[in-house]
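Throughout, read-outs are computed from the coordinates displayed, never taken from laboratory work. Quick caveat: nothing in here was measured; it's all calculated off a predicted structure. Virtual Cβ from ideal backbone geometry, glycine too; neighbours counted across all protein chains shown.
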Amino acid sequence: MSKKRKQYSASFKSKVALAALKGDQTTSEIAARFQIHPTMVSTWKRELLENAPDLFEGKKKSGKQPNEPSSDELYREIGRLTVERDFLSRKLDQ
């Protein structure tokens, strides 16, 4: 039986990342203090630095990602695939 991965809360991750940003301890010391792997400390620190500008966007930011397809596009694709499936199933029955 495989061991289930431990999931950490966002508040815990931010606490670790902020400790790493302070720079008064090494990554290994922070990992030992919080009982996690040093790679996780580095990953969470990098994620905090990459996503920090988004924290101050406020209400300007829309809830939808720019590369996310709209519902109309998705319904159009579903319709196209349904017609294609029906056409192919009729061809196989002949």
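Descriptive notes on the structure:
- Per-region count, the range 1-40, residues small (Gly, Ala, Ser), loosely packed, with under 10 Cβ neighbours inside 10 Å and assigned to a helix (DSSP H, G or I): 2
- Set side by side, the residues 79, 23 differ, and just one is without any contact (Cβ under 8 Å) to a residue 12 or more places away in the chain and on the phi > 0 side of the Ramachandran plot, which is 23.
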